[in-house]
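Below you'll find the structure, written out as structure tokens, and then a few comments.
Derivation of every value follows stated rules applied to the coordinates shown; laboratory data play no part. Fair warning: this is a prediction, and the values are worked out from it, not measured in the lab. Cβ coordinates were reconstructed from backbone atoms using ideal geometry, including for glycine residues, and neighbour counts include every protein chain displayed.
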Amino acid sequence: MYTIHEYRFRVPAKLRISDTEERTDGKERYGTMDQGYIRVAAATPKIRVADPAYNGEEILKLMREGAGNGAKLMVFPELCITAYTCNDLFFQDRLLAEAKETLRMLAAATAELDLLAFVGLPWEMGGRLYNVAAAVGGGRLLGLVPKMHIPNYSEYYEGRYFAQGNENPVFVDFYGEKVPMGSRLIFACAQIPELRVAAEVCEDLWVVSPPSIGHALAGATVIVNSSASVETVGKDEYRRSLVSGQSGRLVCGYVYASAGEGESSQDLVFGGHNLIAENGTVLAEAKRFTTGLTCADMDLWRLRSERRRMNTYPGSLPGSSLPDGGTASAGDGSGAYLTVPFMLTPERLALHRFIDPAPFVPHDAGERSRRCEEILNIQSLGLKKRLEHTGTKCAALGISGGLDSTLALLVTARAFDLLGLPRSRIIAVTMPCFGTTDRTYHNACVMTQKLGATLREIDIRAAVTQHFQDIGHNPDIHDVTYENSQARERTQILMDVANQENGMVIGTGDMSELALGWATYNGDHMSMYGVNAGVPKTLVRHLVRWYADTCGERELSEVLSDVLNTPVSPELLPPEAGGTISQKTEDLVGPYELHDFFLYHMLRFGYGPARIYRMALAAFAGSEYEPAVIKKWLTTFCRRFFSQQFKRSCLPDGPKVGTVALSPRGDLRMPSDAVSRIWLEEIDSL
């Protein structure tokens with residue numbers, strides 16, 4: 001689709017701070033460039049109209065501030081060297097000459113600043129004026145990106161001054177050096193292959209087909225926009241949605257810097273509304289009507305992962321090199337891109353980015369309520385379809401008084417309501433055995449009654465004891481045979497009860513248990529439809545809490561609240577003295593909030609253990625989880641995730657509810673005999 005050429009030039013030596021050198025001024029270095037993170041900044045200087053020298057100094061101050069804060073990519077507003085509101089002064093030779101000289105000063109200053117910066121200015125070429133974003137870095141001007149869509153309406157009369165920019169790059173003179181100019185430039189960092197930057201200018205984003213579409217198709221991962229967007233009532237909301245939407249549509253980072261204080265207020269006011277977005281999410285946003293820096297840490301690996309998994313996203317291929325002084329043309333004048341290399345110094349620095357410790361759970365109360373309703377609908381409609389298809393008017397499920405079986409019962413009740421079937425046809429079977437406690441037994445019974453289901457109690461102690469005799473197992477040995485015999489007996493009973501009632505068995509196991517293999521093969525692992533298969537444990541808790549808060553029945557709400565406060569346990573070992581639960585799942589396999597965090601980032605983005613570990617340190621900073629604890633349970637997760645795939649390879653059907661799922665028929669087609677060596681070795685090296 002696009003021809004991509006590479007423009008090569010000599011890169012001079014620069015002053016850099018290495019990844020081992022420490023600052024001597026007592027300040028911590030902030031910024032990230034390893035493991036795919038990079039700090040970016042949108043900057044709005046306070047300027048003067050038609051005073052390039054003054055504006056250049058203000059821009060340089062912010063460049064130095066940004067570099068000191070670890071920013072590696074900075075974007076300044078449209079025409080910020082002169083001011084956007086110069087109007088007919090743009091025709092003045094003196095203004096154009098000083099703007100160019102100011103650009104030379106800024107370019108030279110970047111020799112001591114480890115960053116790539118985009119600044120706006122008017123540029124004369126071939127007797128025409130162009131509105132350009134100039135890329136500077138490494139002590140030189142790297143390229144000029146002209147504005148492609150020149151507005152000439154309402155408050156914007158740029159057509160009076162500026163010509164439409166050229167797409168295919170040409171080379172222009174900048175104090176004796178040839179510099180590419182064109183919209184089809186991609187600035188590529190040799191040290192960070194994922195960092196490929198392209199630019200558009202203000203109005204370019206607002207048109208029907210923005211240049212950034214072509215940039216992304218040609219491989220750009222970050223789009224920058226030097227803008228001067230007027231403030232009118234409500235415009236900030238549209239601007240925010242436009243930037244975030246474009247970053248989501250193109251699966252890219254988007255850095256938008258807008259003009260602010262200092263522009264002429266003769267007829268217009270500019271608010272400095274700076275925005276940094278990543279794949280549809282606004283990472284940082286400036287407070288309007290202020291000046292200064294807006295910074296965020298962008299995750300380039302996340303963008304790479306998203307594009308890689310979207311087979312509808314076109315790939316881009318590197319092209320051939322282009323000699324200095326040539327033009328990057330595809331021959332027919334269409335689709336040519338020029339790659340301009342630049343250098344940055346990788347640094348291992350503090351991560352300043354919010355890492356959600358509970359990625360499966362919305363944090364906004366309103367959004368969480370909406371999401372819980374939606375998930376319960378997905379689960380219920382999936383079961384409704386299965387019941388309709390099979391003509392089944394009865395369901396059997398084991399009810400233990402724990403979280404998972406509680407959610408499964410709530411989902412089944414909703415599905416029966418949707419079908420117009422009486423809830424009495426839901427057979428909730430409680431099967432006490434050696435580890436059952438009074439608390440969970442009582443909760444299971446009360447919950448079933450309040451929901452209107454039919455409760456059946458089948459004590460399995462005698463059956464399991466007889467089974468021990470049949471296979472010659474000592475019941476005093478509380479090993480895996482002791483535990484799994486109970487789980488398989490319960491599953492056999494449920495299957496047979498379903499046969500008696502011409503019904504189907506509803507599975508209760510959740511996605512977190514499936515990821516860890518925390519299920520008895522052909523025991524609680526098996527059912528006829530697993531309604532919780534797509535719901536992680538951290539989300540199960542919120543779904544039950546939401547139901548308790550919204551059901552409108554005091555007694556049902558109270559019992560659901562007690563279920564939430566009960567430790568997660570399979571209850572397969574005898575209780576402690578006093579009848580309390582002795583077997584707590586999270587003591588054995590680790591905290592589910594950690595495992596859900598590991599699961600999400602491993603499957604959603606394909607991150608390796610080192611990256612996940614680093615993110616977990618940031619997400620759980622200040623919590624009970626010290627680095628050694630996180631590392632320990634990350635090891636457990638990787639080991640169990642690989643070794644237990646054979647259980648997931650034969651999962652019953654069940655509805656997917658989120659972007660991460662484990663179905664062997666769709667989301668996770670993983671061989672059962674894959675080895676975990678390289679993942680565990682990476683953890684050992686941490």
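Listed values, structure above:
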read-out: Label-point gap, in nm, between residue 54 and residue 462 - each point 7 angstrom along Cα→Cβ; value: 9.7 nm
read-out: Centroid-to-centroid separation of segment 376-430 and segment 548-581 [C-alpha atoms, Å]; value: 20 Å
read-out: Listed residues 208, 345, 415: farthest to the positive end of the dipole of the chain (Cβ charges); value: 208
read-out: Two-decimal log10 I(q)/I(0) for segment 112-189, as the Debye equation yields it once each C-alpha is a single scatterer, q = 0.15, 0.18, 0.20, 0.27 Å⁻¹; value: -0.54, -0.74, -0.88, -1.35
read-out: Net +/- balance of residues flanking residue 383 in space, Cβ distance below 12 Å, scoring K and R +1, D and E -1; value: +1
read-out: Segment 344-497 - Rg and Dmax from Cα coordinates, angstrom; value: 21.3, 71
read-out: Two-decimal ratio, segment 441-486, of alpha-carbon radius of gyration to 2.2 N^0.38 Å; value: 1.57
read-out: Charge-dipole axis of segment 365-684 as Lys and Arg at +1 and Asp and Glu at -1 on Cβ define it, positive-most pick from 620, 443, 530; value: 530
read-out: Per-residue ³J(HN,Hα) for segment 676-683, Karplus 6.51 cos²θ - 1.76 cosθ + 1.60, θ = phi - 60°, Hz, x for Gly and Pro; value: 9, 3, 5, 6, 5, 5, 5, 5
read-out: Distance from segment 41-62 to segment 112-135 (C-alpha centre basis), Å; value: 14 Å
read-out: For the chain, convex hull of alpha carbons as volume per residue, Å³; value: 190 Å³
read-out: Whole-Hz ³J(HN,Hα) from phi, Karplus 6.51 cos²θ - 1.76 cosθ + 1.60, for segment 490-503, glycine and proline x; value: 5, 5, 4, 5, 4, 5, 6, 5, 4, 5, 4, 9, 6, x
read-out: Sites residue 474 and residue 649 - FRET efficiency at Förster radius 30 Å, r taken between beta-carbons, to 0.05; value: 0.35
read-out: Total charge dipole magnitude, segment 365-684, about the Cα centre, Cβ charges on Lys, Arg, Asp, Glu only, Debye to nearest 20; value: 1080 debye
read-out: Distant-in-sequence amide H partners of residue 48 (H built 1.01 Å from N, under 5 Å); value: 55
read-out: Segment 365-684: translational diffusion in µm²/s, Stokes-Einstein, Kirkwood Rh over Cα pairs, 4 °C, 1.567 mPa s; value: 64 µm²/s
read-out: Karplus-derived HN-Hα couplings along segment 99-110 (A = 6.51, B = -1.76, C = 1.60, θ = phi - 60°), whole Hz, x at Gly and Pro; value: 4, 5, 5, 5, 4, 4, 4, 5, 4, 5, 5, 6
read-out: In degrees, nearest ten, helix 52-68 long axis to first principal axis of the chain (Cα); value: 30 degrees
read-out: Per-selection Rg to Rh, segment 170-224 - Cα, Kirkwood hydrodynamic radius; value: 1.03
read-out: Amide hydrogen neighbours beyond the local backbone of residue 504, cut-off 5 Å, H modeled; value: 394, 395, 396
read-out: Extension reserve of the residue 91-residue 370 stretch, reckoned as 0.36 nm per residue once the Cα distance is removed; value: 94.8 nm
read-out: Distant-in-sequence amide H partners of residue 429 (H built 1.01 Å from N, under 5 Å); value: 397, 398, 399, 456
